[in-house]
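Chemist: Mind having a look at this structure? Questions to follow.
Readers should treat all values here as calculations from the given coordinates under stated rules, not as data from a laboratory. Predicted model, so just to flag it, every value in this text is computed and none were measured. We place every Cβ from the backbone using ideal geometry, glycine too, and count neighbours over all the protein chains shown.
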Amino acid sequence: MYLWLVAAGLSLIFGVMRVLNFAHGSLYMLGAYFAWVAFRVSGSFWVALLAGPLLVAAAGWAMEFGFLRRVYSAPEAFQLLLTFAFVLMLDDVVKLAFGPVYQSPPTPAALSGAVMIGRSILPTYHLFILGVGGLVGLGLWLFLEKTSFGLVIRATAADREMARALGVRSSRLFTWVFVLGAWLAGLGGALSMPVRAISPGMGEFIIIEAFVVVVLGGLGSLRGAFLGSVLIGLLHAYGLLFMPVFELALGYMAMALVLIVRPWGLFGVREG
Amino acid sequence: MSARAIASAVLALAVLLLPAVAGPFLRYLVLNMLLLALLALSFNLLFGMTGLLSFGQGAFYSGGAYAAALLLRAGVPLLWSILLGAVAAAALAAILGAFCVRHTRIYFSMLTLAFGMLVYAVVWKWTDVTGGDDGLIGIPRGRLGLPGPLDLSLDSPVRYYLFAAVLVLVSMAVLHRLSRSPLGLSLRSIRENAERAEFSGVRVRRTIYIAFVTAGLFAGLSGALLAPLEQTVSPSTAHWTKSAEPVMATLIGGPFSFLGPILGAVVYLGLKEIIVRFTEYWLLVFGLVLLGCVLTFRSGIVGAVEEAWARRRRA
């Protein structure tokens, strides 16, 4: 589910800004680290969950406002490289600040138990993540479909030139979309903190996973990102069960296949 | 002979004479630079000329490395192992390229990334053949494999350096010829305006396909030469972070000139060598350099120098 949060942010940023954000995995990593720091300072998991993503959103703002907006006019490859430069730097910054070792913070007491549902036992924390993911998804959907700001975002995603001609201030909009995307990645990171150990380099892994998800679902489609992450989750689970040797390759195979047959994604809309 | 040709000849000679004056460390560093330069040139055959950014050169690089390593371990002489390794990589590129060239821009990059990671996953998991995450170890250098007195043993590092350097330099010359050939011209016309190129008789997809396979061949050669140098191959040669190296080298050096990727590879590895002496956080420094490159001079070092040169001439 936190994969969906990361993928949603990535997809949102790509859909609106047409920038493929390689640093998205690093933002996810930052989310986990910031949340961990907030947890150590405050001692409260809830404060950490709130503060971590917000700090990441602030970092996202700095990234967009300070750097990314300078290269919108350059070819796509340069935008990609700029975000890649951030991947390199953030990995090392984190290593510098927190050390290269793994950290595994505890699950909060209230969520550490397990729940019986039918015949299967589920850790409460997993249910909690599911709940948060669902809520955020619902919130995003309402925001994009029902508010005027959401309408502007959708309009820009659909036709940037036209939206600009109609008076949308795209540069300000881009900043906010990027901040929102960064917040989503940060939330994903913060949520993953108790389940997965935190380490520098965790971003490099998640970004590829998120790419796979976003491509599967269709670049720029939020619904696609959601269905894509469910699909990948299932693929990995069943892959591990039935053909463990191919588990790692399955996702990439699916990604390549989708790109070949339906480059606009399984659930995306064909462009032009 | 033009000044450029003389300069290249002098540089090539300097590379070949290096072992006479330099110790093992410098020799190793320069050879690594040459291999990265070749990889970056192969990447730039696509990027610089057609504007297609491949994020999967690592696939062909490791394809060449593994193929050569397996052949060498099976006792095939060195030269043939290397060449066959490169051919194997080209064959891989011929298969994957058939899919990749149907896409442009971001989708091309994504698909090459997907294929690159697919190769990585296969290498990682196919333990029987590739050794899994341990990789292949104990790769012999063996004998050159030419008839008669030329069948030299290449166990000595100096001899191997010379052998690899000659192959890289020859490849560079071939790639340089290629960039000036009709094929190079058609590729450049595709970068400028694919539609117009198509109308003026360039078969766009076929041309890109040829470039893709050629790029795979030389990336494979670079990888194949790595295997006997390190005497090990590991799956990290296929990881996307490896594929990013030629991209960075090219961008630093400058994608719009032939010299760019070579210079970029030298600067990239040189900087790394210097920075790691002061701090283990060399990626941080390097990220800053890359950031500076993207923000200020997008045509790389070569581009920046050319601009400065042009300004001085005008003044």
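Chemist: Average partner chain C-beta neighbours within 10 Å, per residue of B:107-116? Don't skip to the answer; put the middle values down first.
Modeler: Values: counts 6, 2, 4, 11, 7, 2, 9, 14, 5, 3.
Across the residues of B:107-116, the mean count of other-chain Cβ atoms within 10 Å is 6.
Chemist: Above 23 angstrom, tally the Cα pairs of the range B:3-238 and express them as a % of all pairs, no decimals.
Modeler: Working: 13940 of 27730 pairs.
Summing the P(r) tail past 23 Å for the range B:3-238 gives 50 percent.
Chemist: Lysines within cross-link reach of residue B:272: Cα-Cα under 19 Å, excluding same-chain residues under 8 positions apart?
Modeler: Partners within reach: A:95, B:242.
Chemist: If I take the Cα coordinates of the range B:206-259 and project them onto the principal axes, what are the three extents in Å, biggest first?
Modeler: Principal axes ranked by extent give 34, 28, 20 Å for the Cα atoms.
Chemist: If you don't mind, another one. Pick out the long, greasy-scoring helices in chain B: whole DSSP H runs spanning 18 Å or more along their own axis by Cα, mean Kyte-Doolittle at least 0.5.
Modeler: On the way: long enough: B:3-21 (26 Å, 2.20); B:24-50 (38 Å, 1.69); B:57-73 (24 Å, 0.62); B:78-100 (32 Å, 2.31); B:105-125 (30 Å, 1.32); B:157-180 (34 Å, 1.15); B:204-230 (39 Å, 1.19); B:240-253 (20 Å, 0.39); B:259-278 (29 Å, 1.49); B:282-295 (20 Å, 2.79); B:300-314 (21 Å, -0.56).
Answer set is B:3-21, B:24-50, B:57-73, B:78-100, B:105-125, B:157-180, B:204-230, B:259-278, B:282-295.
Chemist: Separate question: What distance in nm separates the two pseudo spin-label positions at residue B:11 and residue B:200, each 7 Å out from Cα along the beta-carbon direction?
Modeler: My value for the distance between the label points is 2.9 nm.
Chemist: Give me, ordered by chain and number, the residues 5 or more places off residue A:262 or on other chains with an amide H under 5 Å from its own placed amide H.
Modeler: Placed amide hydrogens put nothing under 5 Å from residue A:262.
Chemist: When the expected Rg is taken as 2.2 N^0.38 Å, what fraction or multiple of it is the alpha-carbon Rg of the range A:122-182?
Modeler: On the way: Rg = 15.3 Å, N = 61, 2.2 N^0.38 = 10.5 Å.
Expressed relative to 2.2 N^0.38 Å, the Cα Rg reads 1.46.
Chemist: Would you compute the Debye intensity of the range A:2-199 from its alpha-carbon atoms alone, equal scatterers and no solvent, and pass along log10 I(q)/I(0) at q = 0.09, 0.11, 0.18 Å⁻¹ to two decimals?
Modeler: Treating every Cα as an identical point scatterer, log10 I(q)/I(0) equals -0.37, -0.54, -1.20.
Chemist: Sorting B:79, A:82, A:96 on the 10 Å Cβ count, fewest up front, what's the list? Intermediate values should be presented prior to the final figure.
Modeler: On the way: B:79 18, A:82 24, A:96 14.
The fewest-first ordering by Cβ neighbours comes to A:96, B:79, A:82.
Chemist: Dividing the convex hull volume of the Cα atoms of the protein assembly as shown by its residue count, what figure in Å³ per residue is obtained? Numbers along the way, then the final one.
Modeler: Details: hull volume 108.3 nm³, N = 587.
Spread over its residues, the Cα hull of the protein assembly as shown gives 185 Å³ apiece.
Chemist: Starting from the Cα of residue A:162, step 7 Å along the direction of its Cβ; do the same at residue A:42; then give the gap between the two resulting points in nm.
Modeler: 4.3
Chemist: As a footprinting exposure proxy, order B:272, A:146 by other Cβ within 10 Å, with the fewest listed first.
Modeler: Numbers: B:272 16, A:146 9.
With the sparsest Cβ surroundings first, the list reads A:146, B:272.
Chemist: Among B:33, A:193, which comes first, then next, by fewest other beta-carbon atoms within 10 Å?
Modeler: Details: B:33 21, A:193 26.
The fewest-first ordering by Cβ neighbours comes to B:33, A:193.
Chemist: Follow-up. Dipole of the protein assembly as shown (Lys/Arg Cβ +1, Asp/Glu Cβ -1, origin at the Cα centre): which of A:211, B:227, A:173 lies farthest to the positive side?
Modeler: In the protein assembly as shown, that residue is A:173.
Chemist: State to the nearest 20 debye the size of the charge dipole of the protein assembly as shown about its Cα centre, where the only charges are +1 on K and R beta carbons and -1 on D and E beta carbons.
Modeler: Numbers: 41 positive and 25 negative charges, 282 e Å.
Magnitude of the dipole: close to 1360 debye.
Chemist: Taking beta carbons within 10 Å but only from partner chains, what does the mean come to for residues B:120-129? Show your work: numbers first, answer last.
Modeler: Values: counts 4, 9, 6, 1, 2, 6, 2, 1, 0, 0.
Across the residues of B:120-129, the mean count of other-chain Cβ atoms within 10 Å is 3.
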